[in-house]
Structure formats: structure tokens, C-alpha cells
Amino acid sequence: SELLVEKIHDHTIGEIEQKMADLSDSQKRVYQLLEAILLWGQSQSDKIPYTPQKIKFLEILQNVLSDMKLAANAKNITINDNTQEDLFVFADKDMVKTILRNLISNALKFTNNGGQIDIGATQTLSNITLIVADNGIGIVPEKVNTLFDISQTQTTKGTANEGGTGLGLLLCKDFVEKHGGKIWVESKLGQGSKFKFTLPI
């Protein structure tokens, strides 16, 4: 921004547009990082309200998917909702939204143009297992076991060179565990990934 102010007359309109685009991207990344750090910090110090209630899962999912529509369209990725209409969970609505938003964002990030994401659920007497599956690039075996480990947090560029904060999956783990659930991943390199987490009924 300082370069633009000081030398704006030295650049063509095209060069100025490119610098503004770079600046905008940089600001978005910083904002996402600060937001993730603040949210994770609040979670670690138990400052995020935890108010579970019986909620209809489909309503939360549709709300999140509407936010993801532009990102999915930009990569021509189809998102299929295979969950039942009458699926209910006993959970904190905002935390579940954050979990879904992070998992679906990750799936979009690591799926190629024209790919597919499937969201489904299986139910037992005590809990529901929710699944976010993609047919993207997958994860190398040695990295699968470190995804939820803060000591090994790292970011990986997406298929369209998208960045990330490295904190999204840590937040997912924190929020799932607040519900007494668990989260894990099944993945094969080149064959996509399935992120699964449980919530109580």
C-alpha cells in the first residue's frame, strides 16, 4: 500500500489493478488468520459459550452450504447433501456451523475443478456420525496422524493455490470434543478424504 501511495503515477492501470488484487488477497489472509487465532484462543480459555440444544441438522447444513456456494461454483465443484430430513443432534449451533464450515472449506480447497463433495450421516442409539467426503488429492499417510496435533500445525496450498491458517482442524477438534464426540480422517493419496465426527443425539 505504501508503494501504491508513493509511486502510483509510475505504474500503468493494469499494474495498479494487479497490486490492488495482491493487497486484497493479503488482507483476506491476515483477517482469516487473526479470526482463527482469536477463536482458537477463546476456545482454549473456555470463553466461548457452549449452549447445546436439540437442533435440526439440515437447517445448519443448508445455512453453511449457502455461504460456500460461491467458492464451490468458482471451482465447478458439486456438493451433494445425503443427510436425512429428520436428522436431529443435541449440539451448540454455532460450534457445529464452525465445524462444518472448516471441513467443507478444506474439502473445496483440496478438490480439483469439476470435483465432488458428499455430505452424509450414520446414526446409532447414542450418536450421529457426520461425514464430509471429497474426491480430491488426498493426504499422504505420514501426515494423516498429525492433522489434529497443534505441535505439528502446518498449512498446505490447495489445488488452486489457496492458502490457509492451519488452525481450522484444531478448532474442529476442540468443538467436537466439547460435545463429547471425536473426529478423525480416512484418506488415500490421489483418492480423496473422508472427515468424520460424532455428535450426541
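The values are calculated or read from the model by the stated rules, or taken from the named source; none is laboratory data. This is a predicted model, so every value here is computed, not measured. Quick reminder, even Gly has a Cβ in these numbers, built from the backbone with ideal geometry, and neighbours come from all protein chains shown. All accessible areas refer to the heavy atoms of the entire protein, side chains included, with ligands and DNA or RNA removed. Shrake-Rupley method; radii C 1.70, N 1.55, O 1.52, S 1.80 Å.
Structure notes:
Condition check ((1) on the phi > 0 side of the Ramachandran plot; (2) exposed (fewer than 11 other Cβ atoms within 10 Å of the Cβ); (3) small (Gly, Ala, Ser); (4) part of a helix (DSSP H, G or I)) across all residues:
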residue	(1), (2), (3), (4)
Val5	no, yes, no, yes
His9	no, yes, no, yes
Gln18	no, no, no, yes
Ala21	no, yes, yes, yes
Gln27	no, no, no, yes
Leu34	no, no, no, yes
Leu39	no, no, no, yes
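- Residue tally, condition loosely packed, with under 10 Cβ neighbours inside 10 Å and touching an Asp or Glu at 6+ places or on another chain (Cβ under 9 Å), over the range 52-77: 1
- Of all residues in the range 136-152, those that are at pLDDT below 65 and under 15 Å from Val185 (Cβ atoms) total 1.
- Just one of the numbered conditions (1) within 16 Å of Thr111 (Cα to Cα); (2) surrounded by 14 or more Cβ atoms within 10 Å (Cβ to Cβ) is not true of Met95: (1).
- Selection count, the range 89-135, where residues are within 16 Å of Asp67 (Cα to Cα), in contact with a strand residue (DSSP E or B) (Cβ under 8 Å, 6 or more places away or on another chain) and free of Cβ contacts under 8 Å to residues at least 60 places away in the same chain: 6
Rundown of residues vs (1) touching a residue at least 40 places away in the same chain (Cβ under 8 Å); (2) in contact with a Leu (Cβ under 8 Å, 6 or more places away or on another chain), yes/no style:
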position	(1), (2)
Leu38	no, no
Thr51	yes, no
Leu58	no, yes
Gln62	no, no
Asp67	no, no
Leu70	no, no
Thr78	no, no
Asp86	no, no
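- Taking the conditions (1) open to solvent by less than 50 Å² (accessible area, probe 1.4 Å); (2) touching a Pro at 6+ places or on another chain (Cβ under 9 Å); (3) of a type in the set (A, V, I, L, M, F, W, C) in turn, Phe90 satisfies each one other than (1).
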